[in-house]
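S.K.: Dropping a structure here in structure tokens format, bear with me for questions.
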Amino acid sequence: MAEKVSRKPFVREMTSEWIFRHPRYLRYMVREFSCLFIGAYTLLMVWGLKQLADGPQAWTGFLEALRSPASIVFHVLALGFALYHSVTWFNLTPKALPVQLGEEFVAGGVIAGAHYAAWALVSLAILLAAGAF
Amino acid sequence: MSERRVELEVLRYNPETDREPRFQRYSVACREEWVVLDALNHVKESVDPTLSYRWSCHMAVCGSCGMMINGEPKLACKAFLRDYAGVIRVEPLAHFPIERDLVTVIDDFMLKLKRVKPYLLPAQAKPIAEGAYRQTPAELKKFKQYTLCINCMLCYAACPEYGLIPKYIGPAAIALAHRYNQDSRDGGRDERQEEIAATEGVWECSFVGACSEVCPEHVDPAGAIQQVKIRSTVDWYAEHLMPWLKK
Amino acid sequence: MARSNKPLVWGPFAAGGTLTAFLTPVLILLTLLAGLGHVPEALTYEALRAIAGHWLGKLALVGVVFLSLWSAAHRLRITLYDIGVRADTAVATAVYSTAGLASIAAAAILFRL
């Protein structure tokens, strides 16, 4: 007759060190943290709209503030994080929205590529319309 | 044939004698073409018969030998020694309780698979006398990749959300539900939504994507989860903004 | 298990994530250019007043502000949980309120114009 083995499963604690377990988790965190910069930039936009509503002097003051070193540094960082958000978002889109044409599924690269193309067009159009050139 | 001396650092845990797990080092003479499973089998056969672990097919189709190898969820039969340098750390699959040594408690996973009703629920019962279901290649292609899951649980070990939120139903369970939802013979999507569209269903996923990265069968559970999220969201808004559309 | 109401917050998150993916970089470029001394035509007082004065402009701006803030808020909520902050209800209330209030503020500001 087999002897009875007592069970005592051991549960390993989950700490925040998972983030450093593999580069993919770090990349995920960078992507997630882009929200801080995108959120902050949007709040900056709202602040700018307020200055716009307060009149030409307030608006000039806002444009002045944009020239400060802190503002430039923030913009460069925000741009980097915003671009990372865009790239990761477009690359993941084909997984969330697969397109079946006939029997086969459209290659992920095509769907992502279409998004990149649209992104370039929209950005260029806005830059042109805004008179950036 | 070439030989190579491999150092294995294996997690041991005996529930009857240990308060907590510890590491044990084995020095093993291995053949160059071996996988980690071969090294473990050699240890068990010739060095330490008390070492416990699950394995079966040794060809990456049964899903039994999932373990953390140097911190990454892998099938031990698919982890080639030639891809590793230095000491190889072998631990039980992350995010599961340890039963003994490299054996994990998988009851939670098994229960979750059952919950999604992983069988055809046709809209209309079709007696055998009426003949077989017919399916076009396109209809098959729609769900084929989600049938490839071998229940190895690597995705659960890779998913930080499952590690943080044990109630999360998890990638494989959702991919399995999706497999049936996408099957033209099935009509049970509504029933499965009760499980996968619940808070502990897809909504705990934050699209880390690690599950799909570690999946040995390229099932892409992350894709399945996002597709369910989108469909569930469209349904939710349709239901709440246009309640007269309820069937 | 009952179906979650998560779609209520996830829908705008997904829409906002898509919008910000397409739009935010070029917007940052515009104000960055201004900061570097080259103010784009559209960011002059007169031009921007004209855009923000038009009902279509107001609608677009409020939409962009709301969706951008909402998706950032939702993501921040998830991220804080990921790094170990367990008070999800408190965090959710804080982030979504901020997004909501700032959007209402933007709408109020634009309403004045």
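The values are calculated or read from the model by the stated rules, or taken from the named source; none is laboratory data. Predicted model, so just to flag it, every value in this text is computed and none were measured. As a convention, Cβ positions derive from the backbone with ideal geometry for all residues, glycine included, and neighbour counts pool all protein chains shown. Ligands, DNA and RNA are stripped out before the accessible areas are found, and what is left, the full protein with its side chains, is counted by its heavy atoms. Shrake-Rupley method; radii C 1.70, N 1.55, O 1.52, S 1.80 Å.
S.K.: Only one residue in B:ALA129, B:ALA85, B:ALA94 is under 19 Å from B:PRO160 (Cα atoms), among the small types (Gly, Ala, Ser) and either free of Cβ contacts under 8 Å to residues at least 12 places away in the same chain or open to solvent by less than 70 Å² (accessible area, probe 1.4 Å) (or both), so which one is that?
M.R.: One residue alone meets the criteria, B:ALA94.
S.K.: From the residues in segment C:46-70 that are open to solvent by less than 20 Å² (accessible area, probe 1.4 Å) and at the interface with another protein chain (Cβ under 7 Å from one of its Cβ atoms), which one is farthest from the chain's Cα centre (by Cα)?
M.R.: C:ALA52
S.K.: Please go through segment A:46-71 and pick out each residue that is assigned to a helix (DSSP H, G or I), open to solvent by 40 Å² or more (accessible area, probe 1.4 Å) and either within 7 Å of chain C (Cβ to nearest Cβ) or closer than 18 Å to C:ALA60 by Cα (or both).
M.R.: Hits for segment A:46-71 are A:TRP47, A:LYS50, A:PRO56.
S.K.: Another one. Please find, within segment B:223-247, the residue that is surrounded by the fewest Cβ atoms within 10 Å (Cβ to Cβ) out of those that are in a helix (DSSP H, G or I) and basic (Lys, Arg).
M.R.: B:ARG231
S.K.: Every residue in segment B:204-222 that is assigned to a helix (DSSP H, G or I) and either more than 10 Å from chain C (Cβ to nearest Cβ) or crowded, with 23+ Cβ neighbours inside 10 Å (or both), please.
M.R.: Selection gives B:ALA210, B:CYS211, B:SER212, B:GLU213, B:VAL214, B:PRO221, B:ALA222.
S.K.: Counting only residues that are open to solvent by 10 Å² or more (accessible area, probe 1.4 Å) and basic (Lys, Arg), how many does segment B:97-113 have?
M.R.: Final tally of qualifying residues: 1.
S.K.: Here's another thing I want to ask about it. Give me the residue from segment C:1-35 that is within 14 Å of chain B (Cβ to nearest Cβ) and over 19 Å from B:PHE207 (Cβ atoms) and, out of that set, surrounded by the most Cβ atoms within 10 Å (Cβ to Cβ).
M.R.: C:ARG3
S.K.: Being within 23 Å of C:PHE13 (Cα to Cα) and of a type in the set (A, V, I, L, M) is true for just one of B:ALA177, B:ALA198. Which residue is that?
M.R.: B:ALA198
S.K.: Continuing with the same structure: Among the listed residues B:TYR119, B:TYR146, B:TYR133, B:TYR156, identify the single one that is of a type outside the set (Lys, Arg) and within 12 Å of another protein chain (Cβ to nearest Cβ).
M.R.: B:TYR146
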